[in-house]
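Each remark here refers to the structure printed beneath this line.
Nothing in this text is a laboratory measurement; each read-out follows from the coordinates by a stated rule. Values in this document were obtained by computation on a predicted structure and should not be read as measured data. Virtual Cβ from ideal backbone geometry, glycine too; neighbours counted across all protein chains shown.
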Amino acid sequence: MKTLFQFLLKNRFSWAIIFITITLNILLSEKSPPLVFVSLFIILTLCFIASSLYLMFVYRAYLINWTTFIVSILLLYINLVGIDFIQYVHGIIARLLIMFFGLIFLGTIFVIGNFLWYRDKSIPLISWSSIIYLWLTCVAWKIDGNLIHHWLTNTGKLWWFSPLTFITLWIFFFGLISFIKHSFHIISNESKMLPNTLFVPPENFPD
Amino acid sequence: MQHKINIFALPAQTTVLFIIIVTVVIGALILGSIGSSPVLIWPVALLIVILSLRSFISQPEKKLIKCYKADSHFPYLKQGIEHYSHKLGLKYFPQLYISSTEKNADVYVLGSFCRKYIVMTEKAARKWEKQLSHSHEKAVAQAGIIHELTHLKNGDDWKLGYARELLRVTFGVMLWATLFYSGLTVLLMVSLPDIVNYDFSIVSKKLEEQMPVPTELSDLFLTKMDLLKATIRNKMGKINFKLVLHFIVNSFLPFISIGSILWLFYLRKLRRTREFYADARVINIQKEIKPIYCLLSKIPISYLKKEITTQAFYPKGIKQRVKDLLHNHPNFNRRAHAWLHPEFIFDDGVDTAILIAIFSIIMDIILLSPFSILYFAEIPMHFSMLASLILIAIRLIPNIATGKPVTKELFIMIGLFTLTRFIITFLIVFHFVFLFIFAPKYLSDMLSTAVASFARYAGSSTKGLHVNILEFIYQALYYNIPQPLIISTVSFVCLIGIILMMKRILRWYNFPTKDNNVMGVLYLFIFSMCLVAASMLKVITSAFFNTPMNLFFWGTLFAIAICIGIVMLVCDRIYVGKCPNPKCNQYNSGHYFLGKICQNCKTPFHSWLMV
């Protein structure tokens, strides 16, 4: 967590982009903004997302720990729950929220994928998430009635169920890739009589 | 001159223990996967096999996280490891790793199939490096190196590693399977009534509101859905979900309990036994006891003036036996005792009886669970008894080879084993009688549920079967109480036959004994005797002639055993009592004992059995 915090503090470039993008958003709230502003807004938003993802990719070794992983899952969950409420908000706030949620979504998906790519934790994750999902589906069915009907007609009342399905599917997807990747790595190293190089977390965050 | 037995020529105890652990778990899973059942068992079996292998291959490095490779440090140590690896003929040379923590043992080995590691703490590595550079202390460090390399030579690293991972994975997967299948059953219980009563025309109308759908397509969709609902309704009527839940819990949870027993007793026993073999190899190579004694007692070799001696009998009280049973490492005194008397590596009658009784309980838990009860309902005790018989026969080989009396050991083993079985059977039957007297209604309900859910048709039975409890109690008493006694008597007679035959086979002095072929003949004999016992029992049960497949299978087994018997009879005519010296070929009468020589030319018989 400390590492993540340090990571956010140390990248002034990201903060500058965030600041400019927010300012531009406020300027864009006028009814007919100049075309230059619109173009600049699109370019800067893309830069913002790209730079954030780039920085995450460069410092990915510092994001491979259980704390970051769990925080990411929780953030993704809150994010997915939050997305449902965007339809009730309009104007500048809605635009900022979409950008904010979009970035969090990409960032958390990156962290989850990154964690499972480097660490062989797919089996416990898939097994436990499948059990949790199955039993929560039972609870959801008991509370909300026919879930198939709600799914087909989009009339579900449970705000927590759809994000849960979404996260479980992501975990299954990344977990499966991670399982195949690590299995291949293990078998290949065994046949070559090489030790399995495991991920070792770095001790200090670079300046 | 007193001859010492070569323990490496006899059945390896570590291999026997490894086979027990793996066979109990994987064998039961394979049995459970055959035939139909309310829930799919084969995916669980497949998952356990794949995950245990994967986990086993990947586990050494997980334990090497806080270790570093000894690249250029400790040259003497590395040289020593290389030298003795060559000498012991290791296929894969180990790599030396230094542990930066002092949590684990000072020195230990890790490995998968092809990758081998020796891990040492820095302190131990420095100590051994120093000892190797001093001529008078050199032998102590060498003893340590040989000891660790022997673990690799004997395959202790992969036997222990795989057994441990198998039990760990079985525990996790079975817990997962119980929760997953229970969740799935509960979900079906909750959702199916809603699904079969659902009107899919709502969906069709909703779709038509959003986009134009052809009427034919909509009708086809509704027809298909009605068909699906009818199928589900039809199948659902036959399923009793509560019984399915009962089946799931009673099938998967016993694996957790037997896994715990195997972990608690057999894995520890495997850990202890491998140390004796490693010690024996050290003495075999160094031709002296002092270095290994100094290594383990941490006494400097220069302080040890006297010769090490121990008495011929190692006393063991009940307290000591219980302590030994739960320890990961053997008691030092017992270890030192086995250096001078290698035959003490093999457990005595009491210890063997305890382990076999535990094994038999494990087998009963598995065989009487819904997993396999369908196959063994008529002969529940037979298979555990058969497996125990094999173990007792293998255990008696060292006694027969050394020419020691076996009757006392046999009586102790069969007696203790029968007593344990009798106590367990008595407790179960007593429990039924108690319920019959004080809570007959509860007993009736319990039996109805048990009978219906324990069988493979649990999922398709709507009601529990009605059981006449008076008849049940009578049958329970009539069939179960005499069973341990009858089966034990039969086993005793069978074992006496096996012992006599094994003694006879050991008299095949002229048999081509390149390495230890006679031992192979002994294993083959025990195996064929068990085939006979298994097929004989099948013959006397009424189920034998049920299907041509049954007849063919058991008939073939019986025929194989008979063929083996005929071949052995011919061999007996050729080899029995004949001197292996081609120039002598004199007939020698009397039983074999360790160190026996030809009366004519003084050629020792079965020299591979002696150190």
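The table for this structure:
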item: Flagged links, alpha-carbon separation over 28 Å, of B:K78/B:K153; B:K91/B:K269; A:K142/B:K441; result: A:K142/B:K441
item: Dimensionless Rg over Rh [segment B:150-260; C-alpha; Kirkwood]; result: 1.32
item: Cross-link pairs B:K159/B:K298; B:K130/B:K290; B:K287/B:K602 - those with Cα-Cα distance over 23 Å; result: B:K159/B:K298; B:K287/B:K602
item: Rg/Rh for chain B, where both radii come from Cα atoms and Rh is the Kirkwood radius; result: 1.06
item: Per residue convex hull volume, Cα atoms of segment B:125-183, in Å³; result: 77 Å³
item: Simple Cβ-charge dipole of chain B, Lys/Arg +1 and Asp/Glu -1, about Cα centre, in debye nearest 20; result: 2160 debye
item: Chain B - share of DSSP beta bridges that are antiparallel (%, nearest 5); result: 70 percent
item: Theoretical FRET efficiency, 1/(1+(r/R0)^6), r = Cβ-Cβ of B:I202 and A:W160, R0 25 Å, to 0.05; result: 0.50
item: Translational D in µm²/s for the protein assembly as shown (Stokes-Einstein at 20 °C, 1.002 mPa s, Kirkwood Rh from C-alpha pairs); result: 66 µm²/s
item: Order of B:M189, B:M174 - criterion: other Cβ atoms within 10 Å of each residue's Cβ, fewest first; result: B:M189, B:M174
item: Too-long pairs where the Cα-Cα distance tops 30 Å, listed order kept, from B:K4/B:K87; B:K87/B:K408; B:K63/B:K127; B:K87/B:K583; A:K121/B:K224; B:K66/B:K127; result: B:K87/B:K408; B:K87/B:K583; A:K121/B:K224
item: Length gained when the stretch B:N581-B:N284 is fully extended (0.36 nm per residue, less Cα-Cα span); result: 104.2 nm
item: B:L192-B:I424 pseudo-label distance in nm [points 7 Å out on the Cα-to-Cβ vector]; result: 3.5 nm
item: Integer Hz, Karplus 6.51/-1.76/1.60 couplings in order for segment B:197-204, x for Gly and Pro; result: 9, 7, 9, 6, 5, 4, 5, 4
item: Charge dipole of the protein assembly as shown about the Cα centre (unit charges at C-beta), most positive-ward option of B:L594, A:L147, B:I145; result: B:L594
item: Built amide H within the under 5 Å cut-off of B:Q95, gap 5+; result: B:K116, B:Y117, B:I118
item: Whole-Hz ³J(HN,Hα) from phi, Karplus 6.51 cos²θ - 1.76 cosθ + 1.60, for segment B:351-358, glycine and proline x; result: 4, 4, 4, 4, 5, 5, 5, 4
item: Estimated dipole of the protein assembly as shown in Debye, rounded to 20 [Cβ of Lys and Arg +1, of Asp and Glu -1, Cα centre]; result: 2620 debye
item: Virtual spin-label span in nm between B:V350 and B:K87, 7 Å along Cα→Cβ; result: 3.9 nm
item: Residue order, fewest to most beta carbons within 10 Å, for B:K238, B:K153; result: B:K238, B:K153
item: Alpha-carbon Rg with Dmax, taken over segment A:120-196, Å; result: 17.8, 56
item: Loop chymotrypsin sites (Phe, Trp or Tyr not before Pro), segment B:70-142 (other Cβ atoms within 10 Å of the site Cβ: 14 or fewer; DSSP); result: B:Y92
item: B:L262, B:L217, A:L134 arranged by Cβ crowding within 10 Å, fewest neighbours leading; result: B:L217, A:L134, B:L262
item: Ellipticity estimate at 222 nm from DSSP helix runs (n ≥ 4, -39,500 (n - 2.57)) divided over chain B, nearest 500; result: -22000 deg cm²/dmol
item: Signed unit charges on C-beta, dipole axis of the protein assembly as shown, positive-most listed residue B:A353, A:L169, B:N581; result: B:N581
item: The protein assembly as shown - share of DSSP beta bridges that are antiparallel (%, nearest 5); result: 70 percent
